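The values are calculated or read from the model by the stated rules, or taken from the named source; none is laboratory data. Bear in mind the structure is a predicted one, so any value in this text is a computation, not a measurement. With ideal geometry, Cβ positions are generated from the backbone for all residues, glycine too; neighbour counts draw on all protein chains shown.
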Amino acid sequence: MAAVAVALAAGLAGMAARLSTSQLADALELANQADASRLRAAPLAWADAESYGRVLDAYREPDPETRKARVRDALSGAADVPLAVAETGNEVAGLAARLVEEGNPNLVGDAITAVLLSEAGVRAAARLVGINLSTADIDDDRLGRANKLVDTTAATARGATGGGG
């Protein structure tokens, strides 16, 4: 569902950008960026479900040693999908924050909603990265990258929504 939140945020940002051509010279470029983010995020919801299916299949392996290796590999792979969601969500939050500041003032509410949806998607995705890696007992830089994306996106959201901090 994190990918769905990010895809919705990108859709809102794209709409707000398309309706901000009077305020922003590069509004159509921003709309295209938002559309590209939406097209990246939407399939990740399906990819997440597929990766979870591979985890479930791995748990069904009858041989304990093979099962352990398959589960670890499946969980490691499953961490990559939410990391991609978090990366995309961070991009969308930045784009939407710009629309809050410089876009059509009649669409500030939509742009703020896009920022907040993006932030929620990034937070949820980062938690999934952590869950998958900790369950597999994997210690690599993906969780650190995901947490950095949470921090960056949260700062963007605070700035765009007047949340201070």
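Cβ contacts < 8 Å: first residue part of a helix (DSSP H, G or I), restricted to segment 121-135; second residue of a type in the set (D, E, K, R) and at pLDDT 95 or above, any location; separation 6+ or different chain. Result?
Val129/Arg142; Leu133/Arg142
Being more than 11 Å from the chain's Cα centre (by Cα) and either crowded, with 19+ Cβ neighbours inside 10 Å or not in a loop (DSSP other than H, G, I, E, B) (or both) is the filter here, so list the residues in segment 136-149 that pass it. Give the steps one after another, and end with the answer.
Looking only at segment 136-149, we keep the residues that are more than 11 Å from the chain's Cα centre (by Cα), and these are 136-145, 147-148.
Ala136, Arg142, Leu143, Gly144, Arg145, Asn147, Lys148 - these are the residues of segment 136-149 that are more than 11 Å from the chain's Cα centre (by Cα) and either crowded, with 19+ Cβ neighbours inside 10 Å or not in a loop (DSSP other than H, G, I, E, B) (or both).
Determine if segment 56-65 includes at least one residue that is surrounded by 15 or more Cβ atoms within 10 Å (Cβ to Cβ) and in contact (Cβ under 8 Å) with a residue 24 or more places away in the chain.
Checked against the condition, which is being surrounded by 15 or more Cβ atoms within 10 Å (Cβ to Cβ) and in contact (Cβ under 8 Å) with a residue 24 or more places away in the chain, segment 56-65 yields no hits at all.
Residues to consider are Val100, Val115; find the one that is more than 13 Å from the chain's Cα centre (by Cα) and touching a residue at least 12 places away in the same chain (Cβ under 8 Å).
The conditions single out Val100.
Arg40 versus (1) surrounded by fewer than 21 Cβ atoms within 10 Å (Cβ to Cβ); (2) more than 12 Å from the chain's Cα centre (by Cα): which is the lone unmet condition?
Answer for Arg40: the failing condition is (2).
Is it fair to say Arg38 is in contact with a Gly (Cβ under 8 Å, 6 or more places away or on another chain) and at negative phi? Explain how you work it out, then say what you get.
On the way: in contact with a Gly (Cβ under 8 Å, 6 or more places away or on another chain): yes; at negative phi: yes.
The answer is yes for Arg38.
Contact list please: Cβ distance under 6 Å, first residue in segment 3-30 and closer than 18 Å to Leu116 by Cβ, second residue surrounded by fewer than 20 Cβ atoms within 10 Å (Cβ to Cβ) and of a type in the set (Val, Ile, Thr), pairs at least six apart or on different chains.
Leu12/Thr113
Take segment 93-119 and flag every residue that is more than 10 Å from Ala5 (Cβ to Cβ) and charged (D, E, K, R).
Arg98, Glu101, Glu102, Asp110
Would it be correct to say that Val122 is under 17 Å from Ala7 (Cα atoms) and either more than 12 Å from the chain's Cα centre (by Cα) or surrounded by 20 or more Cβ atoms within 10 Å (Cβ to Cβ) (or both)? Give the derivation first.
Numbers: under 17 Å from Ala7 (Cα atoms): yes; either more than 12 Å from the chain's Cα centre (by Cα) or surrounded by 20 or more Cβ atoms within 10 Å (Cβ to Cβ) (or both): yes.
So Val122 fits the description; yes.
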